[in-house]
1. Specify which residue in the list 287, 327, 244 is farthest towards the positive end of the charge dipole of the range 225-384, using unit charges on the beta carbon of Lys, Arg (+1) and Asp, Glu (-1), about the Cα centre.
2. Determine, from the Cβ-Cβ distance of residue 262 and residue 461 and an R0 of 56 Å, the FRET efficiency 1/(1 + (r/R0)^6), rounded to the nearest 0.05.
3. Across the Cα atoms of the range 47-104, what radius of gyration and what greatest pairwise Cα-Cα distance (Dmax) are found, in Å?
4. Using modelled backbone amide H atoms (1.01 Å from N, in-plane), which distant-in-sequence or interchain residues come within less than 5 Å of residue 437's amide H?
5. Taking every DSSP beta bridge with both residues inside the chain, roughly what % is antiparallel (nearest 5)?
6. Mind checking which lysines have their C-alpha under 26 Å from residue 95, skipping anything on the same chain fewer than 8 residues away?
7. Stretched out fully, how many nm does the piece from residue 128 to residue 337 gain, at 0.36 nm a residue minus the Cα gap?
8. Full extension from residue 209 to residue 394: what is 0.36 nm times the residue separation minus their Cα-Cα distance, to one decimal in nm?
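Values in this text are rule-based calculations from the coordinates and carry no lab data. For clarity, every value in this text was computed on a predicted model and none was experimentally measured. Neighbour counts run over all protein chains shown; Cβ positions are idealised from the backbone, glycine included.
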Amino acid sequence: MQYMKESCLIGGAWVGSASGERMEVLNPATGERIGTVPRCGRSETAQAIAAAHEAFPGWRDTPAQERAALMMKLHDLILANREALGRLLTAEMGKPLAEAVGEITLGAAYLRWFAEEARRVYGEIIPSPWRGRQLLVTREPVGVVGAITPWNFPSSMIGRKLGAALGAGCTMVAKPASQTPYSALALGALAEEAGLPPGILNIVTGSASEIAAEMCENPQLRKITFTGSTEVGKRLASRAMAHMKRVSMELGGNAPFIVFDDADLDRAVEGAMVAKFRNAGQTCVCANRLLVQSGIYDAFAAKLAEAMRGLHVGNGLQPGITQGPLIDAAGVAKVEDHIADAVEHGARVALGGRRHALGGTFFEPTLLLGVTGEMLVACEETFGPLAPLFRFADEAEALRLANATEYGLAAYVYTRDLGRAFRMMQGLDYGLVGVNEGLITTEVAPFGGHKDSGIGVEGSRHGIDDYTQFKYACVGGLA
Ligand code: NAP
């Protein structure tokens with residue numbers, strides 16, 4: 001496959017692991033081996049950090065406009081090859097090709113956005129409280145950044161971290177998820193083709209715990225940006241903090257999707273389909289709990305079931321497929337656990353509920369009715385094609401249920417009442433709120449969670465801030 005690299009990128013060289021050990025990468029749709037990548041550990045990570053550290057001063061001192069031009073070259077190359085990159089992404093991750101190409105396009109959009117923002121990293125001059133002195137504040141890149149990313153968005157999660165880092169003048173060592181390393185390595189190949197100097201972007205695959213340990217403890221690395229589960233994120237953040245590293249954490253979610261009696265029913269169903277079934281339900285902003293008001297509950301359930309029957313499950317590389325496989329057997333087991341637990345506590349399976357006849361990790365789009373707060377699906381991210389419908393009586397109950405979770409990433413509300421839309425928007429303790437919209441991610445807006453869903457934001461004009469640090473200089477003797 002085009003741009004499929006089977007080595008790591010360290011200091012401009014494509015290399016294997018010191019031990020020669022490799023890891024297999026499987027296609028989740030077929031179970032077949034796509035290839036292997038190096039199993040690196042601490043020593044290779046230390047080399048990558050050293051390369052990024054050496055490259056840092058040159059990149060930091062390159063005028064923003066020149067850095068932006070290189071980033072735009074990378075952006076253009078990604079778009080020119082989006083079909084090939086999409087195929088690689090679908091092969092390693094399973095999402096339908098159209099979604100994969102959409103993800104590639106979004107990743108490129110982050111590079112473009114931050115190429116533009118790179119030229120606007122302004123400082124300030126503070127009116128001096130003293131005669132004969134000037135108080136200058138500049139924002140400087142933090143240095144070498146370590147990025148650890150998940151399998152569910154193997155390309156765009158690196159793209160939005162890389163964009164902000166390069167735009168700020170930082171260099172990077174990236175560690176992609178072991179199940180989906182090829183999209184990240186392909187970005188490395190394209191960065192090289194775009195003319196990014198060696199050492200600016202380094203990519204290591206291998207043991208997560210060893211690579212993360214080196215990132216946390218190596219003094220040449222100054223920041224860790226992580227996207228993944230809350231469990232790993234919390235451990236990583238505390239370890240990084242012990243070494244006074246800056247952290248950005250994009251973690252798990254438990255998104256409520258709230259439908260009021262006065263909602264536009266068709267629009268709500270359309271939104272639920274994209275918020276729930278995109279990426280087979282394996283996104284951090286996925287609708288995890290569908291909270292539906294009593295008066296519209298049955299009608300919404302019927303329409304949603306009808307729309308779900310229209311999903312085509314299969315290998316994402318085949319035309320017309322709208323739901324791919326789950327990433328692995330553990331993913332399937334979790335969906336099954338959630339269904340079994342809900343049924344045991346009184347829920348009813350209205351559609352699906354089983355492994356798909358295609359076998360492997362394919363799962364039927366599943367609709368559960370009569371779901372309540374005591375069930376596992378109420379408090380855990382399912383990460384699969386399971387739509388559980390909860391019932392609520394009024395606005396106060398909807399808000400209480402929606403906020404009854406330690407997570408706070410994304411929430412969705414459907415209503416035609418403007419006052420209610422604003423009350424909900426203000427009351428929801430979430431970093432992202434979709435009002436009458438089920439798909440709201442864009443590079444121009446901040447993306448980040450409240451509570452256990454993380455620290456910091458990516459995207460938007462604020463996304464570059466976490467990659468910079470302030471310097472205040474007091475220049476005296478001017479009177
Ligand atoms: P995960 O298990 O936390 O893995 C994410 C990354 O962390 C992978 O690269 C993984 O490497 C690495 N990792 C595993 N153990 C580690 C350790 N001890 N120290 C450091 N890194 C370690 O999460 P996942 O199951 O792949 O991804 C799904 C999660 O990501 C969900 O909770 C989802 O909500 C969240 N997510 C959040 C966002 C957001 O922006 N908020 C976006 C997408 C996904 P290996 O693959 O080598 O194990």
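1. 244
2. Given R0 = 56 Å and the Cβ-Cβ separation, E is 0.95.
3. Values for the range 47-104 (Cα only, Rg and Dmax): 15.8, 41 Å.
4. 413
5. In the chain, approximately 40 percent of DSSP beta bridges are antiparallel ones.
6. 5, 161, 175, 276, 303, 334
7. 68.9 nm
8. Residue separation times 0.36 nm, minus the Cα-Cα distance, leaves 62.0 nm.
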